[in-house]
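These notes are about the structure you will find just below.
Throughout, read-outs are computed from the coordinates displayed, never taken from laboratory work. None of the values given here were measured: they were computed from a predicted structure. Don't worry about glycine lacking a Cβ; one is built from the backbone with ideal geometry, like all the others, and counts go over all protein chains shown.
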Amino acid sequence: MIEAKDVWKRYHGPFGGGWVLKGVDFKIPRGVSVGLVGKNGAGKSTLLRLIGGMDSPDKGEIIERCRVSWPIGLGGGFQGSMTGRQNVKFVARIHGGNADIDRIIDEVQDFAEIGPAFDQPIHTYSSGMRSRLAFGLSLAFNFDVYLSDEATAVGDVSFKQKAKKAFKERVGQSSLIMVSHATKILEDLCQSGIWLHEGKAIWFDDLKDAIDAYHDSVGHKPKTKKAK
């Protein structure tokens, strides 16, 4: 179970900064996959980083009673001067995979499909290559909850299908908290939804209701197919 209790977050710049999240409260039950929807800048990636422990709230707290992955798709958290292989080995050791390091390295290298770049420094990678590596690395561990930030939008068509298939294989064993502007992938993989709007997080038991609320807020009505 993951719970947010009165979570506030803003980023400070040279001219100040407004609140991205304002007193967010929600509970995600164990085993429920959730789609995060909202306009650009609504705080979807920010919320994922908070849940994944890559950032901290200014006020409030996030309580996790499960093993949560880092946000797949952000591609952050790597040491730029180290190679992909070295980063994978380092993360494997941190997560207690010493006895299984060779398997983890092989799985990540195979999944990421970045070729010889696997043995080049991370700072030479494109954002897509970093995301592929982060995706493969996350899947090498058995988390209770996987966080995904547009991860299925990375790469060519074949890699996107591979990413979608990998997530589908996880559903049932683990759950997902996913950000994607492609609502079809959310509908395929998630049951419930959180709509981020004006700094608030509104929970919906049914993902479709969250998507409808988001579409209504931006004046978008999905096209309906004409009967033949």
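Couple of notes before you dig in:
- Centre separation in Å (Cα based) which lies between the stretch 9-69 and the stretch 192-221: 16 Å
- For the stretch 91-160: relative contact order, % (alpha-carbon pairs under 8 angstrom, 6 or more apart): 27 percent
- Shape of the stretch 95-180, Cα gyration tensor, a/c cut at 1.5: oblate
- Mean sequence separation of contacting Cα pairs (under 8 Å, at least six apart), scaled by the length of the chain, corresponds to a relative contact order of 27 percent.
- With at most 12 neighbouring Cβ atoms within 10 Å, loop chymotrypsin sites (Phe, Trp or Tyr not before Pro) (DSSP) excluded, longest segment of the chain: 16-228
- Cβ charges +1 (Lys, Arg) and -1 (Asp, Glu), total dipole of the chain, debye: 560 debye
- Per-selection Rg to Rh, the stretch 33-188 - Cα, Kirkwood hydrodynamic radius: 0.95
- Among 193, 115, 41, residue whose mean-square fluctuation peaks in a GNM of the chain (springs only between Cα atoms under 10 Å): 115
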